[in-house]
Amino acid sequence: MKLYQKLFICVIGIGLLTACGSTSPPNQQLTETQMVIQQAEQLGADDYAPLEIREAKIKLGLAREAVEAKEFDKAIRLAEQARVDAELAQAKAQSGKAEKTVAELRESIRVLKAEIERNQRTN
């Protein structure tokens, strides 16, 4: 056999062994995703982003099931999706809280203006 053929066969063999090799379970990724979900819940995601936080929890559950089935690539993919959903829920919760605060401030300003106008009329 020529050297190139032997080299090609070795490269293919190594590639096949690597492809067949098992990936380790994404335990750290699952833990980090769970923490992001908890942070989103603490920010009020259940009120401001219920769909996103529910999807994150479902996908994390599916990722854990995939780990149990030793489908680690699928578990990683689902954990990543769950994390993105949880991060979106966090952003929506922060935005919702900010909008609520702005609305409350506007109402306070309106009440103060009305009070000032009433005081000016009576003086």
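Nothing in this text is a laboratory measurement; each read-out follows from the coordinates by a stated rule. Just so we're clear, the structure is a prediction, and the values are computed from it rather than from any experiment. Methodologically, a virtual Cβ is constructed for each residue, glycine included, from the backbone with ideal geometry; neighbour enumeration extends over all protein chains shown.
Overview of results
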item	result
Residue order, fewest to most surrounding Cβ atoms within 10 angstrom, among VAL111, VAL36, VAL84	VAL111, VAL84, VAL36
Cα-projected label distance for GLU107 with VAL84, points at 7 Å along beta-carbon direction, nm	3.7 nm
Neighbour cut-off at most 14 other Cβ (10 Å), DSSP loop, trypsin sites (Lys or Arg not before Pro), the stretch 67-123	LYS70
Ranking of ASP46, ASP73 by count of other Cβ atoms within 10 Å, fewest first	ASP73, ASP46
Per-pair calculated FRET efficiency, R0 = 30 Å: GLN94 and SER24 via Cβ, rounded to 0.05	0.30
